[in-house]
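Written out below as structure tokens is the structure these notes cover.
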Amino acid sequence: MYVRTAATCIGLGVAAIAIAAGPAGAQTPKRGGTLTYMIPADSPPSFDGHRETTFATVHSAAPFYSVLIRVPPDNPASTTEFVCDLCTEMPEPTDGGKTYTFKIRPDVKFHDGSKLTAKDVAASWQKIVFPPEGVTSARVSYYAMVDKIEAPDDSTVVFRLKYPTTAFLPALADPFTWIYKKEIIDKDPHWYQKNIMGSGPFKFVSYDIGQSIKGTRNPDYYHKGKPYLDGFVGIYAAKQSVRVEAMRADRAAMEFRGVPPSARDELVKEGGKEIVVQDSDWNCGNIITPNHKKKPFDDVRVRRALMLAVDQWKGAQALSKIAIVRSVGGIVFPGSPLAATKEELQQIAGYWPDIEKSRAEAKRLLKEAGAEGLSFELTNRNVDQPYKFVGTWLIGEWKKIGLNVEQKVLPTGPWFQAMRSGSFDVVVDANCQSVVNPVLDTGKYLPQSVYPESYGGYEDPKSVELYQKMLRETDPKAQRVAMRAYEKHTLDTMAHAIVTPYWYRIIPMQSYVKGWKISPSHYLNQDLANIWLDK
Amino acid sequence: MHRYVVKRLLLAVPTLLGAAALVFVLLRLVPGDVCVIRLGSGGAHVDPAAVAACRETLGLDDPWPVQFLDFLWNYISLDFGNSMWSGNPVAHEIAVRLPVSLQIAILATIIAILFAIPLGTISALRENTWLDHAVRVIAIAGIATPSFWLGIMSLVLVLDITYLATGKAWMPPIDYVPLWQDPVRNLSMVLLPALTVGYRYSAVTMRLTRSAMLEVMREDYIRTARSKGLLEQIIVNRHALKNALLPVVTLIGIEFAFLIGGLVVTEQVFNLNGIGRLLVLAVQNQDNTLTQALVMLIVATFVFTNLVVDLLYAWLDPRIRFS
């Protein structure tokens, strides 16, 4: 992660410089000011983080809430480090890795002045993991390993697991897992959909539906000295051109989701030194899924041919200039220790370094399968970045082995429906996660009977067996080996899916915004407590 | 006249019913639903149990006839339901946005009337002169230019001009403040969109005013008025313009109704939280309740505006009587 100056971005002849972003403490943070940022959405469906999955909810309401643990705000790019927010120290698991005991800070108050205790933490987590009837929790499946959540006293929360797994702590650091007041959710578990009352760095001021949300500094915030800002204003602006123009005119300092390279270049060109850019690999990617229930995609040779035709290495380079994608990766996010190295990837079909050899093999397989000159439809989502760019690129790649592919672009609803009903030949799917949690994130490649949001329509007991082995392995080295076996089986042996280059998150912002650091997800590090304005 | 109004209002009922049936069926023919979009739009895992619970809560599993009868009964009892996306009452969602769209529509209409009628009249009275040609070029350019494109261009122009002039780019505010709270901020935000929309609106009206005036000026009664020695100003204002305005008023009414829900792209370009933007959002999210309500609002606006236009006819032309 680094901050780039304007000059490096547009190559104005100045020597390329990448200034390593020093820690926020390198400069003394200044107090005061109001951060105005944009939320690239029309409005969140509700303010209940337990129920929603959209970033619009997080970008609107995360500053009002605390969580139990989180990615470190000073180093959110880390894929392995987690720190306490409400707890006093990160616990060592006991009971063979099945019990985690958290001590809760004694100095935390909700914004209504009442004390936050372990009972509130446990009640919130109960709502997330074991929602009562009639209550929607979007992440129940993330916590399949959790057996019980207990609060034996006001300062202790205990999580008991069914089996030890390295997936638990990252799952616990999910940015939607806000801590609510037990008294409120006991009375009305839906209350937090329309109301905001947390214990985070900012107190809720106002919400103008579809327009803006405002917060003011919480003077009783338990991380002493923070937040630095007096307040914030989040303005909803779904259209990218509005957001870019607003940043150009300094109507807003930044947005937290990400812009395409062209918007970055435009802003940097106009803004000069007043605009800085942070960028990072993004824990999101497009997965190309052939429908195994449709001929000829039931034939592994045809699926392998689709993979072998694609030049990931050159494609990623070229696409990164126009679309929000950049790094080539396997099923695991490239920044994770569990991810394949370049050398390991190059052993997998579709990642071979010699593209001519790869395409020759693809043609041979198609001929052998009797699918030469195959014509099919690539179903895609009506979203420019990066869906349509990726789709168009793939069609060009497949043409090189004689395939005729037509792109069918659908609005979000029909696109989902096409995947869920299996009415597609090949589809551009997406896998976008928050905390980097490879063990859970790679569940997407399991058969649909195990993981309902896997749309390939295949049954594969071997895949399940390899995944389960990796899921329950707690030794890092052995787990890495298990992950490679699962990856090789998924992408190479069975060619269940093609992983296209991972998304790339580009955040241009006014240079006076300090203290915020980019993470591999637009859901993370959004409580704004570290941000200060150098004005 | 009262009987006429009542009759027209009663005739509106089948129109609204037809629109309701049409929008109801069309929305349900689109594959997918709000629950899958809502719970899966993040791109992460979608819990099928959560989707099923959401569908049940929203009544999406009910048979279509049941849903349609519910929809009709709720409207009869003036309960427009809750948005499937936000859970807020539909009436509240619309009430928040309506002032923005109304303000733009009213401003654009004022701009259109102020420019179109005088220029259209002058153009007709000075037919085939350089003035007429200039007005026609302005009008054709206005019709040919989409207002959203003009909106984007005008914003870019404002940014570029202020940047060149002061070294710091400026643009209108992007967060709406009501007129009564901060008139300067409000007007600086809505003026540019009103001008860009008003330009196209006035272009259409200008052309119609011109052609209507040309037609009226060739009528026998105008010739008679001239032969009586009336002043040209009186002939134009009292005899020609008033009669020529009949089709113009119809056009202004239709355009005004269109502006209430039709500024889909312009509202997005200027980040205006209006009805047009809400309609796009509702359709994208497959929020059937909200989409139905917005379509009904737009249909009702058209029906009401047409009625007002018809009533205005009597004032403009006393020969028209209602029966």
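Observations on the structure shown:
- Any hit, the range B:284-292, residues being assigned to a helix (DSSP H, G or I), of a type outside the set (F, W, Y) and within 24 Å of B:L11 (Cα to Cα): yes
- Some residue of the range B:79-93 being within 13 Å of chain A (Cβ to nearest Cβ), of a type outside the set (A, V, I, L, M, F, W, C) and within 23 Å of A:N431 (Cα to Cα): no
- Condition check for A:G391 on (1) within 9 Å of another protein chain (Cβ to nearest Cβ); (2) out of contact with any Gly (no Cβ under 9 Å at 6 or more places or on another chain); (3) small (G, A, S); (4) over 30 Å from A:Q468 (Cβ atoms): one failure, at (1).
- Just one residue in the set A:A122, A:A173, A:A138 is surrounded by 21 or more Cβ atoms within 10 Å (Cβ to Cβ), over 22 Å from the mean Cα position of the chain (by Cα) and not β-branched (V, I, T); that residue is A:A122.
- Selection status of B:V46, at pLDDT 80 or above, among the aliphatic types (A, V, I, L, M) and surrounded by 14 or more Cβ atoms within 10 Å (Cβ to Cβ): no
- Among the residues of the range A:183-219, those identified as away from chain B (no Cβ under 14 Å), of a type outside the set (V, I, T), buried (at least 16 other Cβ atoms within 10 Å of the Cβ) and part of a loop (DSSP other than H, G, I, E, B) are A:M197, A:G198, A:S199, A:G200, A:P201, A:N218.
- When A:Y222 is tested against (1) out of contact with any Leu (no Cβ under 9 Å at 6 or more places or on another chain); (2) outside any helix (DSSP H, G or I), exactly one condition is not met: (1).
- Top-ranked residue of the range B:139-167 - restricted to ones that are within 10 Å of B:R200 (Cα to Cα) and aliphatic (A, V, I, L, M), ranked as surrounded by the fewest Cβ atoms within 10 Å (Cβ to Cβ): B:A144
- Of the residues making up the range A:117-143, those that are hydrophobic (A, V, I, L, M, F, W, C) and more than 14 Å from every other protein chain (Cβ to nearest Cβ) are A:A118, A:V121, A:A122, A:A123, A:W125.
- For A:G32, the conditions (1) modelled with pLDDT of 90 or more; (2) away from chain B (no Cβ under 14 Å); (3) over 24 Å from A:L440 (Cα atoms); (4) surrounded by 15 or more Cβ atoms within 10 Å (Cβ to Cβ) are fulfilled apart from (4).
- Residue count for the range A:395-445 under the criterion of being among the hydrophobic types (A, V, I, L, M, F, W, C) and in contact with a strand residue (DSSP E or B) (Cβ under 7 Å, 6 or more places away or on another chain): the result is 14.
- Residue under evaluation B:V51, criteria (1) among the β-branched types (V, I, T); (2) touching a residue at least 40 places away in the same chain (Cβ under 8 Å); (3) within 11 Å of chain A (Cβ to nearest Cβ), criterion not met: (2)
- Unique residue being loosely packed, with under 15 Cβ neighbours inside 10 Å, modelled with pLDDT of 90 or more and either in a loop (DSSP other than H, G, I, E, B) or within 11 Å of another protein chain (Cβ to nearest Cβ) (or both) when the list is B:W170, B:W180: B:W180
- Restricting B:P193, B:P247 to residues that are touching a Phe, Trp or Tyr at 6+ places or on another chain (Cβ under 6 Å), assigned to a helix (DSSP H, G or I) and either surrounded by 22 or more Cβ atoms within 10 Å (Cβ to Cβ) or more than 14 Å from chain A (Cβ to nearest Cβ) (or both) narrows the list to B:P193.
The values are calculated or read from the model by the stated rules, or taken from the named source; none is laboratory data. Not measured: the values here are computed from a predicted model. Virtual Cβ from ideal backbone geometry, glycine too; neighbours counted across all protein chains shown.
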